[in-house]
Amino acid sequence: MTFYQRLVAETIDGQMALASVPQIQDGLMGRISRETYIAYLTEAYHHVKHTVPLMQTARARMDENHQRFVEALNEYIAEETGHEHWILADIKHCGGDMAAARDAAPGAATQAMTDYAYDYIREANPMGFFGMVFVLEGTSVKLATHGAEAVAKNLGLGPECFSYLTSHGSLDLEHLHFFENLMNEVEDPADQAAIIEVAKAIFERFAAMFRSIPHVREVAHA
């Protein structure tokens, strides 16, 4: 079993718990309101804006034995920079208040997730950050490839409202292949344990973030 296969196998409970969240299930079927979609984008903004700073923090704490992973983070940083602005544009095109979303405080669950990631990187093992990558990129691919089209159809929203999600469909699919190969280069048992530990914790906290989003199920149009 490769390390990536082990990572998938040992986080299956977290994957299932996240998939069972009503907001995600209904989002994948297009059964959410415009208000719910905007609320999701708002929370997404407040964790996505931390993606590059988290990567920079992890990169700064890696030693010379982790140069391969420093190089990988450099690639991620180059590709992820500015994605939070796509989210704000989507909010605006949906008729939401972009400035209010930007200036609002993140939800408690969203804050807890980013705080956990910073604390783990700084105080435990920066390699653990890749556990967060595993959760967020895998989830964004599912939402992009299965949810965006359904939500757009049900709510009558144009493609300009989904630039963040739709871009992450193909983009993160490529990232996942890159990520799988990268994880199979992780040989240190302590690094492997850190990645699995963080992945489990982020699955739990990401599910809490989705559950915190106000949501009334919408009837999907045929």
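The values are calculated or read from the model by the stated rules, or taken from the named source; none is laboratory data. Given the structure is predicted, the values throughout are model-derived calculations rather than measurements. No Cβ is skipped: glycine too gets one built from the backbone with ideal geometry, and neighbour counts run over all protein chains shown. Areas reflect the complete protein model, heavy atoms only, side chains present, ligands, DNA and RNA absent. Shrake-Rupley method; radii C 1.70, N 1.55, O 1.52, S 1.80 Å.
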How many residues does region 102-136 hold that are under 30 Å from Lys200 (Cβ atoms), assigned to a helix (DSSP H, G or I) and at pLDDT 95 or above?
-> 23
Which residues, taken from region 1-51, are part of a loop (DSSP other than H, G, I, E, B) and more than 17 Å from Ala100 (Cβ to Cβ)?
-> Met1, Thr2, Thr11, Ser20, Val21, Gly30, Arg31, Ile32, Ser33, His50
Residues being hydroxyl-bearing (Ser, Thr, Tyr), within 21 Å of Asp191 (Cα to Cα) and open to solvent by 20 Å² or more (accessible area, probe 1.4 Å): count how many of those fall in region 52-110.
-> 1
Could you say whether any residue in region 140-149 is within 15 Å of the chain's Cα centre (by Cα), modelled with pLDDT of 95 or more and not hydroxyl-bearing (Ser, Thr, Tyr)?
-> no
Any chance region 69-84 includes a residue that's without any contact (Cβ under 8 Å) to a residue 40 or more places away in the chain, over 14 Å from the mean Cα position of the chain (by Cα) and closer than 25 Å to Gln25 by Cβ?
-> no
